Amino acid sequence: MKRLVLAILALGMISAAVLQASVRERRTYEESCGWKAGETVIVENVNGNITVEAWDGETVEAVADVEFRGRRGRRVDDVIEETSLRVERTAEGIRVRLSRPRATDGASDFWGWVFGGGSRVNVNAQIRIRVPASAD
């Protein structure tokens, strides 16, 4: 009898984990900044690919196609809301940065994950950047 109860509990936990809906959302972010001769362009990405191409313009332009994947829609929406693409002038030069919130939700907690409390959101970004041909 004890084994039957344990088997039912285990099956229930596995079912709860499997039945939780996976959420996948995509967003596109665009930013640009004027560029001055001699400035360096610095790029930071959370996860994904970066493509850089030279062009004849006088601005640094970035487009980030970002995919968000998670287990709970509300948490995915929160991460989307807190994610940003910035193209701005700093002391080091023009910085292109895709940022998102840090995971602080106990996503590594097994029981939280099984019962829907684990809400880690994976972020994958493909960033395309156009820089003036004379930029470093």
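Per-residue 3J(HN,Hα) values for region 125-133, derived from phi via the Karplus relation 6.51 cos²θ - 1.76 cosθ + 1.60 with θ = phi - 60°, read 10, 10, 10, 10, 10, 10, 10, x, 4 Hz in sequence order (x marks Gly and Pro).
Any idea what the dipole of region 19-92 comes to, in debye rounded to 20, about its Cα centre with Lys/Arg Cβ at +1 and Asp/Glu Cβ at -1? Write down the numbers at each step before the final one.
Numbers: 11 positive and 17 negative charges, 134 e Å.
Using Cβ point charges on Lys, Arg, Asp and Glu, region 19-92 gives about 640 debye.
Contour minus end-to-end for GLU44 and ASP56, with contour as 0.36 nm per residue of separation and end-to-end as the Cα-Cα distance?
Numbers: separation 12, 0.36 × 12 = 4.32 nm, distance 2.32 nm.
So the extension gain works out to 2.0 nm.
Whenever you get a sec, line up TRP55, TRP35 from highest to lowest accessible area (probe 1.4 Å, protein heavy atoms). It would help to have the intermediate numbers written out before the result.
Details: TRP55 60, TRP35 25 Å².
The ordering from most to least exposed comes out as TRP55, TRP35.
Here the simple spin-label model places points 7 Å from the Cα toward Cβ, and for THR28 and ARG86 these points are separated by 2.4 nm.
Along region 63-77 the Karplus relation, 6.51 cos²θ - 1.76 cosθ + 1.60 evaluated at θ = phi - 60°, assigns HN-Hα couplings of 10, 10, 9, 10, 10, 10, 10, x, 9, 10, x, 4, 5, 4, 4 Hz to successive residues, with x for each Gly and Pro. Amide H contacts for VAL46 (H built 1.01 Å from N in the peptide plane; partners 5 or more residues away or on another chain; cut-off under 5 Å): LEU98. Applying 0.36 nm per residue to the separation of GLU67 and LYS36 and subtracting their alpha-carbon distance, the gain on full extension is 7.9 nm.
Restricting the calculation to alpha carbons of region 35-89 gives Rg and Dmax of 14.9, 46 angstrom. For SER32, the solvent-accessible surface with a 1.4 Å probe is about 70 Å², rounded to the nearest 10.
The values are calculated or read from the model by the stated rules, or taken from the named source; none is laboratory data. Here the structure is a predicted model, which means the values were calculated and not measured. Note that each Cβ is placed from the backbone with ideal geometry, even for glycine, and that neighbours are counted across all protein chains shown. Calculation scope for accessible area: heavy atoms of the full protein, side chains included, ligands and nucleic acids excluded. Shrake-Rupley method; radii C 1.70, N 1.55, O 1.52, S 1.80 Å.
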